[in-house]
């Protein structure tokens, strides 16, 4: 599973990465975490507001940092 964090590296972007990593670890998933900071790549996903979370190339969350439990339900 590929988990992608779309954002320029702001505090919320880093927090989302931590939340996603915690959720995936708690679920025992085999995953790769990728941080995409290039604005052109972010826009290629159709994302206009960061941070955003994509799973296997599909955007799941935009513009907010969900809880670990919410991310776990997305990843299952």
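If you go through the stretch 43-63 one residue at a time, how many are within 14 Å of residue 3 (Cα to Cα), in a loop (DSSP other than H, G, I, E, B) and either modelled with pLDDT under 95 or out of contact with any helix residue (DSSP H, G or I) (no Cβ under 9 Å at 6 or more places or on another chain) (or both)?
Residues that pass the stated criteria total 3.
Going through the stretch 46-60 one residue at a time, which ones are closer than 19 Å to residue 14 by Cβ and without any contact (Cβ under 8 Å) to a residue 40 or more places away in the chain?
49, 60
For the stretch 1-26, which positions are surrounded by fewer than 16 Cβ atoms within 10 Å (Cβ to Cβ) and under 22 Å from residue 67 (Cβ atoms)?
1, 2, 9, 10, 11, 12, 14, 15, 18, 22, 25, 26, listed by residue number.
May I ask you to list the residues in the stretch 43-63 that are loosely packed, with under 11 Cβ neighbours inside 10 Å and more than 19 Å from residue 75 (Cα to Cα)?
46, 48
What residue, among those in the stretch 27-40 that are in contact (Cβ under 8 Å) with a residue 12 or more places away in the chain and farther than 16 Å from residue 68 by Cβ, is surrounded by the fewest Cβ atoms within 10 Å (Cβ to Cβ)?
30
Hey, among the residues in the stretch 20-42 that are more than 22 Å from residue 76 (Cβ to Cβ) and not in a strand (DSSP E or B), which one's farthest from the chain's Cα centre (by Cα)?
Applying the filter and picking the extreme gives 40.
The values are calculated or read from the model by the stated rules, or taken from the named source; none is laboratory data. No experiment lies behind these values; they were computed from the predicted model shown. For neighbour counting, all protein chains shown are included, and Cβ atoms are generated from backbone atoms with ideal geometry for every residue, glycine included.
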